[in-house]
Amino acid sequence: MAKYLDDADFYYEIVVSKGRGKLTTKSQKMIILIGEKMIQKFENKYKTNDDKFDCMQSGIMMMFKNWQNFNEKRYTQAFPYFSEICKRGIAAGLNELYQKKNNQIPPKMISLSSSNEGKGLHNI
């Protein structure tokens, strides 16, 4: 298990969060810590630091999206569930950045001047 995170505390915080219907502040910090530590395992895969931070944010976002899917009745440890979600989120971010899948699809671009039916992106 991870030396930087006590799994029993993390499990408790996730169960409490599920009972409340939203993440506690402590569980949010723990999820972010998992993302920060997990990205260190993949540091040599990125061309720039910006790419590294984008992939880290992708992993953290994936954990925030899927935290409610953790089944506390089936599992007694939360860390393996969240670390796997984080790894998959990091991989998805990496694939999106470097387009390892679907090489024919160009990057997504949004025009600030011509979006929103020609009225621009920000209207006052």
Which residues, counting only those in segment 26-62, are among the hydrophobic types (A, V, I, L, M, F, W, C), in contact with a helix residue (DSSP H, G or I) (Cβ under 7 Å, 6 or more places away or on another chain) and either closer than 13 Å to A91 by Cα or without any contact (Cβ under 8 Å) to a residue 12 or more places away in the chain (or both)? M38, I39, F42, C55, M56, I60, M61, M62
Restricting the first residue to segment 83-109 and requiring it to be modelled with pLDDT of 65 or more, which pairs with a second residue that is among the hydroxyl-bearing types (S, T, Y) and assigned to a loop (DSSP other than H, G, I, E, B) meet a Cβ separation below 9 Å and a spacing of at least six or different chains? L94/Y46; L97/Y46
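Which one of these is in contact with a Gly (Cβ under 9 Å, 6 or more places away or on another chain) and acidic (D, E): D51, D6? Steps first, answer last, please.
On the way: D6 fails: in contact with a Gly (Cβ under 9 Å, 6 or more places away or on another chain).
Going through D51, D6 in turn, just one is in contact with a Gly (Cβ under 9 Å, 6 or more places away or on another chain) and acidic (D, E): D51.
Taking D9 as the residue in question, decide whether it is in contact (Cβ under 8 Å) with a residue 40 or more places away in the chain and part of a helix (DSSP H, G or I). Working first, answer last.
Values: in contact (Cβ under 8 Å) with a residue 40 or more places away in the chain: no; part of a helix (DSSP H, G or I): yes.
No.
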Test result for Q68, under 21 Å from Y11 (Cα atoms), modelled with pLDDT of 90 or more, touching a Phe, Trp or Tyr at 6+ places or on another chain (Cβ under 8 Å) and of a type in the set (S, T, N, Q): no
Go through segment 20-59 and give me each residue that's under 20 Å from K3 (Cβ atoms), in contact with an Asp or Glu (Cβ under 9 Å, 6 or more places away or on another chain) and buried (at least 21 other Cβ atoms within 10 Å of the Cβ). S27, M30, M56
Filtering segment 45-82 down to residues that are of a type outside the set (S, T, N, Q), in a loop (DSSP other than H, G, I, E, B) and under 11 Å from L97 (Cβ atoms), which residue is farthest from the chain's Cα centre (by Cα)? K47
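The values are calculated or read from the model by the stated rules, or taken from the named source; none is laboratory data. Because the structure is a prediction, the values reported are computed rather than measured. Note: ideal-geometry Cβ built from the backbone for every residue, glycine included; neighbour counts use all protein chains shown.
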